[in-house]
Every structure is written in C-alpha cells, then in structure tokens.
1. Any idea which residue in the range B:11-50 is modelled with the lowest pLDDT, counting only those that are within 9 Å of another protein chain (Cβ to nearest Cβ) and exposed (fewer than 15 other Cβ atoms within 10 Å of the Cβ)?
2. Quick one: is B:Trp89 at pLDDT 90 or above, among the aromatic types (Phe, Trp, Tyr) and part of a helix (DSSP H, G or I)?
3. Consider A:Ala30 carefully, then state whether it is touching a residue at least 40 places away in the same chain (Cβ under 8 Å) and within 7 Å of chain B (Cβ to nearest Cβ).
4. Name the residues in the range A:54-101 that are of a type in the set (Val, Ile, Thr) and either over 12 Å from the mean Cα position of the chain (by Cα) or within 13 Å of chain B (Cβ to nearest Cβ) (or both), would you?
5. With the requirement that a residue be of a type in the set (A, V, I, L, M) and at pLDDT 95 or above, what does the range B:195-213 give you?
6. Go over the candidates B:Trp140, B:Trp120, B:Trp89 one by one and state the one that is touching a residue at least 24 places away in the same chain (Cβ under 8 Å), in contact with a Leu (Cβ under 7 Å, 6 or more places away or on another chain), surrounded by 15 or more Cβ atoms within 10 Å (Cβ to Cβ) and more than 29 Å from A:Ser32 (Cβ to Cβ).
7. Give me a count of the residues in the range B:163-208 that are in a helix (DSSP H, G or I) and either within 14 Å of chain A (Cβ to nearest Cβ) or in contact with a strand residue (DSSP E or B) (Cβ under 8 Å, 6 or more places away or on another chain) (or both).
8. Take A:Arg35 and decide whether it is within 23 Å of B:Lys95 (Cβ to Cβ), buried (at least 16 other Cβ atoms within 10 Å of the Cβ) and of a type outside the set (A, V, I, L, M).
Amino acid sequence: MTSGELDPLIHVPTRLKIVATLAALPDGDALSFTRLQDMIGLTPGNLIIHLRKLEDADYISSEKTRNGAVSITTVALTGHGRAALGTYTRALRDLLGGLPI
Amino acid sequence: MNHTPDTTTAGNGGNFDPQQAAALLDQTTRQARRTFTPGPPLLWAFRAVFVLVAFGGYWLSVRGRDPYSAPSGGLLAVIFVLVAINIGWSTWALKRAGAGVSGPAQRKRQAWLAVMLVAWIVAYAFTVPLYHATATHPVWALYPANAPLMIVGLVAAATAALRRDWPMAGTTLAIAIVAAVAAFGGPAGAWLIMGIGLCAVCLGTAAFKVWQQRRGVVRP
C-alpha cells in the first residue's frame, strides 16, 4: 500500500484535524462551528471551505438553527464519515506497520 | 492547545507523509478527548484526596468515643469547604466539556445529571426523618457514612449502564460496593473503610482517564 491510496479527502492536515475532532464526540452529537473553529485554530473562511468539501462527500452534516436573533451552525460526523476515518486509520496502520516509528 | 502547522489551506495533502498524518491524528484525538472529558484525571485525583481527608478525618474525630458523638466543628467546616470545591470544579469541568456540543448523547448526559441530583437530594434528605425519629447514635453514624453513597452509586451505575457508559458504570458500582462493605465496619470504622475504599476507586478512575486520553488511534 502507498500513501496515494489514503483517502485524499481526509489526508489533508486541516481536514484530518476536523474529522478527528468530530470523531471524539459520541455518535450523533454535533459541535458548534465556533467551538470547532476555536479547537482547530482556523479562520472562519478557511474552515468553511474544508467543511464544504467534507459535506459534499457526506462525511459531515451541518445544521443551522436560530435561537432568537442568534443563528447557530452545528457540525457532526456522519456514519459514512466515521467509517471513512476508520478505513483511513487502518490504512495508516498498514502503511506504518513495516516502518520504524 | 498546540496546533500542528497546517501545510495546506484548502488543497490536497501535498507532502503530507503517513508518519506526519499518524502523529497528527493521534495528537488531535488526544486533545479532543481531553477537551470533551467531563471528569478530567486531575479532578478525580482531587476527589481521592478529598474523600481520604473527609472520611479519614471523620474517623479520627469519632473513633473510640462511647457513646458515639458528632465530630468537631472544625472538621465539618473543612469538609464543607472540600465539598464546595468539588462541586465548583465538577460544574466547571462539565460546562467546559459540553460547551458547543449538542445531540442525543449530550441530552442523555444532562438527563443523567438531573437523575443524579435527585438521587443525592433524596439520599441525604432521609437524614431529616431519621433525626426527628430520634435514631440511635449507631444508626445516626452509619446512615450518613454509607447509605447515601450506596444509593447514589447504585442509581448512577444503573443509569450509566443504560447509556452504555461502561467506565462510569464501573466507577459508580465500585463506590456502591465500597459503601456496602464499609457498613460492616461499625459506626466509627465505616468512615475509615469509606475513606480508604473511595480513595482507591478515585485513584483508579484517575489512572483509567489518563490511559484513555493518552491512548493513540494509530499507535495505541
């Protein structure tokens, strides 16, 4: 196996951080955009670009709710995204299996 | 929080090699686990000291007294301060872990906390009718030492098991077992057994939390 076989959608530092952060939540739970931004350390614009790519692939889902005058966006990892991260992790393990760590 | 430099913006992986990816995945997962954990290891370590000081101090204060009598006011003041710190720290840790998080698991956790609050109140409120019924000194000493934590421990273990939160179910069941065993220690000895037993449970939970948070995804 080569690094070229790793899921190109996840194999990007920022998107890997997003997916790994959301995967630490229990299945079905969502994280607010602002908290995710705070944890990842990205500008809103940059984070939106990466989230859109992941959402297009159905790895994450986002929801916008209104609480009075405040609009809150939440992001969650889908079952498909969790499975993709699992496959990516196994592929990484296989790749690194023969290498000194 | 330490951030690994982002070598790309919105593009592809570029020169992101698998070793870097594994390190980043492990580091991010550990940070996220630490952030979302409502009971950090340090809080459990504090609880270990708290129960040892509170229950151990209580035992030192009441042992050898015949007839059994209440401990000194100074010790009770120390215990109340420790209880207040524990409640304050726990509330802060819960708020921090749950900030920005929503969904079914979060709602179940909030419902569980409400059930636990009721269990605590009911378990300690029972001391009021005991007092009015002029309970004997041994009963008065044994009930507050063991019964509330036995009741709360069993309720917490059952409800945590329903949520499939097995670590919490294990910890709270261990607390209930310690409380049940301590009852055999008598009015004074029960406090010592509770102090040592609960201290061991809290230290064990702290060690488990450290292991859980440090465990890697790619490299366990």
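The values are calculated or read from the model by the stated rules, or taken from the named source; none is laboratory data. Source: prediction; values computed, not measured. Backbone-built Cβ (ideal geometry, glycine too); neighbour counts: all protein chains shown.
1. B:Gly11
2. Taking the combined requirement at face value, the residue satisfies it.
3. Working: touching a residue at least 40 places away in the same chain (Cβ under 8 Å): yes; within 7 Å of chain B (Cβ to nearest Cβ): yes.
Yes: the conditions hold for A:Ala30.
4. Keep residues of the range A:54-101 that are of a type in the set (Val, Ile, Thr), which gives A:60, A:65, A:70, A:72-75, A:78, A:87, A:89, A:101.
Within the range A:54-101, A:Thr65, A:Val70, A:Ile72, A:Thr73, A:Thr74, A:Val75, A:Thr78, A:Thr87, A:Thr89, A:Ile101 qualify.
5. B:Ile196, B:Leu198, B:Ala200, B:Val201, B:Leu203, B:Ala206, B:Ala207
6. Numbers: B:Trp120 fails: in contact with a Leu (Cβ under 7 Å, 6 or more places away or on another chain); B:Trp89 fails: more than 29 Å from A:Ser32 (Cβ to Cβ).
Testing whether each residue is touching a residue at least 24 places away in the same chain (Cβ under 8 Å), in contact with a Leu (Cβ under 7 Å, 6 or more places away or on another chain), surrounded by 15 or more Cβ atoms within 10 Å (Cβ to Cβ) and more than 29 Å from A:Ser32 (Cβ to Cβ) leaves just B:Trp140.
7. Restricting attention to the range B:163-208, the residues satisfying the condition of being in a helix (DSSP H, G or I) are B:166-208.
Subsequent filtering for residues that are either within 14 Å of chain A (Cβ to nearest Cβ) or in contact with a strand residue (DSSP E or B) (Cβ under 8 Å, 6 or more places away or on another chain) (or both) retains B:166-168.
Result for the range B:163-208: 3.
8. It is true that A:Arg35 is within 23 Å of B:Lys95 (Cβ to Cβ), buried (at least 16 other Cβ atoms within 10 Å of the Cβ) and of a type outside the set (A, V, I, L, M).
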